[in-house]
Amino acid sequence: MIIPKTPKLSPEQIKELRDIVGEFQCSIQEIVGAGQNVYAIVGDERHELMINRIEGLSYVDRVDTIQSPHKLLDIRSELRNHRVRFGGVELGKELLLIGGHCTISPKEPNLFYETAQALKEAGIHGLRGGVWKPRTNPYSYQGDEKALEILMEASVRTGLPVNTEVMNEEQLDIALDAGVHMLQIGTRNALNYSLLQQVGKRIAQRDTVVLLKRGRHMGPVNEFISAAEYIVNFGNPNVVLCPRGTLPGLEGYRNHPDESVTPLLRERTWAPVVVDPSHSVGKAMYVESCSMAAVAYGADGLCIESHLDPVSGLGDDPKQAITPDAFKALAEKCRAIWKLRNP
Ligand code: PEP
Ligand code: MN
């Protein structure tokens, strides 16, 4: 819908609009209002170049489009009945719980195996474990590929599927070859469109799931959904949206907790939402409240950093990992909230 700056457009201006949209196989329908005429674009409005050319006209105030920029992930798309499955859970049918270390220490495999076993006993459905780590400080521990073997061994020992973050194509191939079940695209790469496309291409022939974190500087909700559309576009619709807090942070928390974005995502997309409260708040003591809020807002699952002995962990674990016991207690409360929402 084209909203002009003036109450109505001149015949010359309407002709100019018709010429532009005609190039994109669209036409213009004038809608006469009491004090203001508006001009509907009839046809496929998703041509970005067409919209940009119209928005560049001096007499146009703005263009409001009705069609979704993310046709596959749109709530009205034919994929709306697609259900993502992970760890024996069909998302939407039961609260999905993923837990594990921020970072797996290759020097202490038993620590991860023991955490994994404790999480399994606590009823968690899938394991997370950082192999390659995106670190703000170049001198911080950057991860180690040797940890991948430990992650996969923990999967064999517990029977639980695993999630790990990849940051480039080489890691993507290595993780897929190793049999990682869920790829994590972290907050720093959420807008790395060439990586998102490579992920989409590589998983197209597999049943791998992708957990796409919300970019820490992301603004409009559509920006997040469109990033996921880059992945789904190649044929595998197993994508999960993961709010994890944005910047600038709320004083006292690591980030600005954004679990409240979930109802907005729900309205626009069928993709499930799994919230990461750990990176949102950044301190173990706030993780339970953030988890309960996330489920109250409609999250389908939670991905939480958890460690049997957080103080001896690497990366974020000493400050934000919760113990498997704390995870179990949190899970009970969150399941109760989930049931209130899904009677
Ligand atoms: C993580 O999951 O450990 C991580 C680094 O995530 P994020 O991309 O949300 O910072
Ligand atoms: Mn972390």
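Listed values, structure above:
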| quantity | calculated |
| --- | --- |
| Yes/no for P272 being in contact (Cβ under 8 Å) with a residue 12 or more places away in the chain and either among the aliphatic types (A, V, I, L, M) or within 16 Å of ligand 2 (Cβ to nearest atom) (or both) | no |
| Conditions (1) at pLDDT 95 or above; (2) in contact with a helix residue (DSSP H, G or I) (Cβ under 9 Å, 6 or more places away or on another chain); number of the one not met by G43 | (1) |
| From the options D61, D74, residue that is within 31 Å of the chain's Cα centre (by Cα) and either surrounded by fewer than 12 Cβ atoms within 10 Å (Cβ to Cβ) or acidic (D, E) (or both) | D74 |
| Total residues in the range 46-62, condition touching a residue at least 40 places away in the same chain (Cβ under 8 Å) and closer than 15 Å to R18 by Cα | 4 |
| Residue count for the range 5-22, restricted to those that are touching a strand residue (DSSP E or B) at 6+ places or on another chain (Cβ under 6 Å), surrounded by 13 or more Cβ atoms within 10 Å (Cβ to Cβ) and not in a helix (DSSP H, G or I) | 0 |
| Selected residue [part of a strand (DSSP E or B), in contact (Cβ under 8 Å) with a residue 12 or more places away in the chain, of a type outside the set (V, I, T) and open to solvent by 30 Å² or more (accessible area, probe 1.4 Å)] from Q67, Q29 | Q29 |
| Meets criteria (closer than 15 Å to E305 by Cα and away from ligand 2 (no atom under 16 Å from the Cβ)) for E114 | yes |
| Those helices (runs of 4 or more DSSP H) lying entirely in the range 259-343 with at least 1 residues surrounded by fewer than 23 Cβ atoms within 10 Å (Cβ to Cβ) and away from ligand 1 (no atom under 14 Å from the Cβ) | 262-268, 284-296, 324-341 |
| Which listed residue, of A329, A299, A293, is among the hydrophobic types (A, V, I, L, M, F, W, C), more than 19 Å from R188 (Cβ to Cβ) and in contact with a Phe, Trp or Tyr (Cβ under 9 Å, 6 or more places away or on another chain) | A299 |
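The values are calculated or read from the model by the stated rules, or taken from the named source; none is laboratory data. Since we're looking at a predicted model, the values are computed, not measured. A quick note on method: Cβ atoms are made from the backbone with ideal geometry, for glycine too, and the neighbour counts reach across all protein chains shown. Heads up: the accessible areas ignore ligands, DNA and RNA and are worked out on the full protein's heavy atoms, side chains in. Shrake-Rupley method; radii C 1.70, N 1.55, O 1.52, S 1.80 Å.
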